[in-house]
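**Q** So that we are looking at the same thing, I have put the structure below in structure tokens.
The values are calculated or read from the model by the stated rules, or taken from the named source; none is laboratory data. Since the model is a prediction, treat every value here as computed from it, not as a measurement. Ideal geometry is used to build each Cβ from the backbone, glycine not excepted, and the neighbour counts take in all protein chains shown. Protein only, heavy atoms only, side chains kept; ligands, DNA and RNA dropped before computing areas. Shrake-Rupley method; radii C 1.70, N 1.55, O 1.52, S 1.80 Å.
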Amino acid sequence: MSKFFLFQDQKKCIGCMACVVACKSRQGLPRGPHPCLVVTVGPQWVGEQPRTAFTFMPCFHCENPWCVAACPTGAMHQRSEDGIVTVDPDLCVGCKTCISACPWGAPQWNPETGKAVKCDLCHDRIEAGLKPACVTVCPTQCLYFGTPDEIPEVRRERYAKARAQEN
Amino acid sequence: MQEQVYSLCFMCSVRCPIKVTVDNGQVQFIQGNSHVPGIGDSICPRGVAGISLVNDTQRVQSPMIRSGPRGSGQWRQVSWHEAYDYIADKLKQITDAYGGRSVLLGERTQLSTHVSKTFLRAIGSPNHFTHDALCKGSLNTACRSLLGYTDGQIGMDYANTKHLVLYGRNIFESIQVKPVRQFSEAMEKGARLTYIDPRVTVTATKAHRYWMIRPGTDLALNYALMHVIINESLYDGDYVDKWVSGFDALCGFVKPYTPDWAEGETGIPAAEIVDFARELASQKPHVIFHCGYRCASHENEIYFRRSIFILNALMGSIETPGGMFFKKGPAEAGGKPVRKLTDQDLPKPSDIRFDKVGTPDFPTPDPNHGVAQMMPQAILNEDPYPLKALFAYRFDPLSSIPDTNYTRQALDALDLIVSIDINYSEIAWYSDVILPESTYLERMDSPQQANGPKPQIFLRQQAVSPRYDTRPGPVILQQLAERMGLGEYFPYTTMEELVDWQLAPTGFERADFKEKGFVAYTDQKLLWDRKTGIKFKTPSGKIELVSSLLEEAGYPSFPAYQSMSRPENGADFRLVVGRCAQHTHISTQNNLYLNELVPHNSLWINAARAEELGIKDNDTVEVASENASGRIQARVTEMIHPDCVFMLHGFGHEVPRAERSYQKGVSDSLLMRNVTDMIGGSPALHETIVSVRNAGEKP
């Protein structure tokens, strides 16, 4: 498991895809790969109201990543210091094994370089004290980035706000 | 070497403050300017995608002169010198024969609009117009008729509102970053959202209350709301007594417009209308009926826009925290505004405008913006006089003025079409000369006088040097004016000189913008006292429900409501258009990143109606109006009213060099009728009836 987490507040997400574009622009990607995806379900009626679900899907940086296990060259690897799963373009031979291995579609194909590309939690930005590109630009600030022990805090705060509204 | 440049976005017209990270002369990343309160690092997808605009190889890369017939795509790459010579010679022939008034200049409103106005005044033409009429002409007129201010001088306090009411104003898809961020925070704190639209949008899916209203009947809903508010005395009595004139006339007028009556018109249950009015009254005055943009867009739009302002007036929400407010200028803070070229002593054109705005024929729209969609008939009928040359400055009449074939016919009657553009837009492709402008990231621009509760000045600072042989628009116009012997009104040769000239009276300098991208006249919020100090600019100094602007022009303030017709033929629908979060009107469809997300438009059609017509999801359908037809993918859904079909505006591009967007989807402008709200000035964009049939079944 990565020592970081990305948490999306679906209630606030408006599905604008600024995160998707920010991710692509930060990695300088061509048409095709989307290392972070937003999966849209709806709109559909939920009771009397129309609702849409937008689910933010970056790489989950698994505890035992199948992509890493499957990679024949060692290009896909998990950093021991923080659990971030990255792909080394120098070692990647473009065999797409990681793409087939991942159940979540996290590694993507870059047709320009002929190599795999994926969410690396913008580790260069994190190291410079910044937030990942997707979190930085989000217009509604529905994405949170932090360490796992911060999750309960964020959830507690959301719950308190929701209760305050009801009363 | 990495540096941060504070600038202003221009992927749409909003001009959000941005921070551009530049590394070795390349744009690395674009995000919001967090020095500006309420924005943080946020930016919308179009703003982030600015990086692929600047690096786009499918842009116009150097001046071009047409070498084949118009629209043939045969071009000669030329020097700036040759392009200026060509234009100046042609223009001289035209103005010698037909006078300066035969020249038109249309543009998308922008920071250097004062430069284009000056250019035209120097030629001796009154014919400057902007895209504003197409966007919000009737809104502007309604606002002036009631408050004495233009809509541009009104802001909304999203952060503190308790209830936001939106009529087709798709706030979460037509994104302005600051309002979106502020209002989503307000929603977390309990603000309510009511959304009214015949189609379910993302905004509808976030709303507490959504009404799928019958298309074109928003006005009926508003009259019924007024009826309930007055009948049950739910209005802000003190505010109305102090600031509203014509209240008695309104009371008499709305008597017959009961919620039961409105239910028949709109399809919204009467009891819900009553509940809604009561809920809003309990939250007044911290409520906003949002006055623009989009929504029911018909020939009587002016009265619908007025009804929104009237509801705000009844709630006492104009110049109130959590409501609307008037933007305060530098004078309110004891400062001096940014100077404009139009502040100079310029020749006054003696002719009326091409669109006759400001004459008894068309008295009420704002002559400062003009009415763009009158251009084709003015050219073709030579009414009021012959028009022979058009400058299209990042304004595309072929995709934005309804009825493209008619517009193209009019363009054919011109002797000269010059485009100042970044992309190969439809109009650039149809021009005689294209003058390529540098993108907003590659140029400094005129300072933005940003009025508001705290008046400020923003500066679009150059982030990177131009990728191609392009120049900033104000420099292009200055150089062209120079070549035509009209240089005396343009006291600059570079953008830096122009900015310095403009800033001179303010006491601020260019260097002051380096650190944050903007300067403020004051750190205090300027609000007028809503009990005693609101300065309405109407003749009566009040909110004029019975409007002197309209009545003096011979128009009634309260004409009887006329029901919107339902399409009667079984295959007929009202065409409704709108936006998505990933595109700006017609200008971003060819952007690498944005095109990938939304490559074409589809036709939303109600599931039950589609079944009757034998149309299934993803079928190709033919959609036809009286003007034209096109083939488009059907999106069969329960999320749209049975009376209408919907498509995104701005697709169906016909320029082969803009490869990504070439022939993707259908252009709504191609299908639409060119009809206008003759009191307000907006085109009636929802007045077109289309028939839809499955393209697989040949008749």
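**Q** Given the options A:Cys71, A:Cys142, A:Cys98, A:Cys102, name the one that is buried (at least 19 other Cβ atoms within 10 Å of the Cβ) and within 14 Å of chain B (Cβ to nearest Cβ).
**A** Sole residue among the options that is buried (at least 19 other Cβ atoms within 10 Å of the Cβ) and within 14 Å of chain B (Cβ to nearest Cβ): A:Cys142.
**Q** Would you check which residues across segment B:184-206 are facing chain A (nearest Cβ under 9 Å) and either open to solvent by 10 Å² or more (accessible area, probe 1.4 Å) or over 17 Å from B:Asp218 (Cβ atoms) (or both) and list them?
**A** Across segment B:184-206, the qualifying residues are B:Ser184, B:Glu185, B:Met187, B:Glu188, B:Lys189, B:Gly190, B:Val202, B:Thr205, B:Lys206.
**Q** Which one is nearest to the other protein chains (Cβ to nearest Cβ) among residues in segment B:25-76 that are out of contact with any Phe, Trp or Tyr (no Cβ under 8 Å at 6 or more places or on another chain) and among the basic types (Lys, Arg)?
**A** Here the residue is B:Arg46.
**Q** Next question, about the same structure. Within segment B:631-653, which residues are open to solvent by 10 Å² or more (accessible area, probe 1.4 Å), part of a strand (DSSP E or B) and not hydroxyl-bearing (Ser, Thr, Tyr)?
**A** B:Arg631, B:Gln633, B:Arg635, B:Val636, B:Leu648, B:His653, listed by residue number.
**Q** Condition first: of a type in the set (S, T, N, Q) and either modelled with pLDDT under 95 or in a strand (DSSP E or B) (or both). Now tell me which residues in segment B:429-450 satisfy that.
**A** B:Gln448, B:Gln449
**Q** Can I ask one more? Hand me the list of strands (runs of 3 or more DSSP E) wholly inside segment B:41-148 holding 2 or more residues that are open to solvent by less than 10 Å² (accessible area, probe 1.4 Å) and more than 30 Å from B:Gln582 (Cβ to Cβ).
**A** B:103-107
**Q** What number goes with the only condition from (1) in contact (Cβ under 8 Å) with a residue 12 or more places away in the chain; (2) open to solvent by 10 Å² or more (accessible area, probe 1.4 Å); (3) not polar (S, T, N, Q) that A:Arg156 does not pass?
**A** For A:Arg156, the exception is condition (1).
**Q** Please pick out the residue among B:Arg278, B:Arg294 that is closer than 29 Å to B:Gly137 by Cα and of a type outside the set (Gly, Ala, Ser).
**A** Selected residue: B:Arg294, the only one of B:Arg278, B:Arg294 that is closer than 29 Å to B:Gly137 by Cα and of a type outside the set (Gly, Ala, Ser).
Yes/no matrix, rows are residues, columns are (1) free of Cβ contacts under 8 Å to residues at least 60 places away in the same chain; (2) within 14 Å of chain A (Cβ to nearest Cβ):
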{"residue": "B:Glu552", "(1), (2)": "yes, no"}
{"residue": "B:Pro559", "(1), (2)": "no, no"}
{"residue": "B:Gln562", "(1), (2)": "no, no"}
{"residue": "B:Leu575", "(1), (2)": "no, no"}
{"residue": "B:Gln582", "(1), (2)": "no, yes"}
{"residue": "B:Ile586", "(1), (2)": "no, no"}
{"residue": "B:Asn595", "(1), (2)": "no, yes"}
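**Q** Then there is this: Of the numbered conditions (1) over 14 Å from the mean Cα position of the chain (by Cα); (2) more than 16 Å from B:Arg46 (Cα to Cα); (3) crowded, with 18+ Cβ neighbours inside 10 Å, A:Ser2 fails exactly one; give the number of that condition.
**A** The number of the failed condition is (1).
**Q** Residue check, B:Gly452 against (1) surrounded by fewer than 24 Cβ atoms within 10 Å (Cβ to Cβ); (2) within 16 Å of B:Asp512 (Cβ to Cβ), all met but one. Which one?
**A** Status for B:Gly452: all satisfied but (2).
**Q** Mind listing whichever residues of segment A:21-50 are open to solvent by less than 20 Å² (accessible area, probe 1.4 Å), under 25 Å from B:Thr21 (Cβ atoms) and within 7 Å of chain B (Cβ to nearest Cβ)?
**A** The answer is A:Val21, A:Ala22, A:Lys24, A:Ser25.
**Q** Hey, another quick one. Please verify whether segment B:261-271 includes one or more residues that are more than 11 Å from chain A (Cβ to nearest Cβ) and more than 25 Å from B:His298 (Cα to Cα).
**A** yes
**Q** Separate question: If I filter segment B:558-581 down to residues being in contact with a helix residue (DSSP H, G or I) (Cβ under 7 Å, 6 or more places away or on another chain) and closer than 16 Å to B:Phe646 by Cβ, which single residue comes out as surrounded by the fewest Cβ atoms within 10 Å (Cβ to Cβ)?
**A** B:Val577
**Q** One residue is enough: does segment B:607-621 have a residue meeting the conditions away from chain A (no Cβ under 14 Å), assigned to a strand (DSSP E or B) and open to solvent by less than 60 Å² (accessible area, probe 1.4 Å)?
**A** yes
**Q** Right, next: Hey, can you tell me all the residues within segment B:344-393 that are on the phi > 0 side of the Ramachandran plot, open to solvent by 30 Å² or more (accessible area, probe 1.4 Å) and in contact with a strand residue (DSSP E or B) (Cβ under 6 Å, 6 or more places away or on another chain)?
**A** Of everything in segment B:344-393, just one residue is on the phi > 0 side of the Ramachandran plot, open to solvent by 30 Å² or more (accessible area, probe 1.4 Å) and in contact with a strand residue (DSSP E or B) (Cβ under 6 Å, 6 or more places away or on another chain), namely B:Lys356.
**Q** Of all residues in segment A:109-130, which are within 15 Å of A:Ser25 (Cβ to Cβ) and within 13 Å of chain B (Cβ to nearest Cβ)?
**A** Within segment A:109-130, A:Glu112, A:Cys122, A:Asp124, A:Arg125, A:Leu130 qualify.
**Q** Enumerate the strands (runs of 3 or more DSSP E) found wholly within segment A:60-163, keeping only those where 2 or more residues are over 15 Å from the mean Cα position of the chain (by Cα) and over 30 Å from B:Val180 (Cβ atoms).
**A** Filter on segment A:60-163 gives A:76-78, A:108-110, A:115-117.
**Q** May I pose another question? Out of the residues in segment B:167-183 that are facing chain A (nearest Cβ under 10 Å) and part of a loop (DSSP other than H, G, I, E, B), state the one that is nearest to B:Ile273 (Cα to Cα).
**A** B:Ile171
Okay, residues lined up against (1) of a type in the set (A, V, I, L, M, F, W, C); (2) not in a helix (DSSP H, G or I):
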| position | (1), (2) |
| --- | --- |
| B:Met374 | yes, no |
| B:Glu382 | no, yes |
| B:Phe391 | yes, yes |
| B:Ile420 | yes, yes |
| B:Ile427 | yes, no |
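**Q** Inside segment B:459-515, can you point out the residues that are assigned to a helix (DSSP H, G or I) and surrounded by fewer than 18 Cβ atoms within 10 Å (Cβ to Cβ)?
**A** B:Glu482, B:Gly487, B:Glu488, B:Glu496, B:Glu497, B:Asp500, B:Trp501, B:Ala504, B:Pro505, B:Arg510, B:Ala511, B:Asp512
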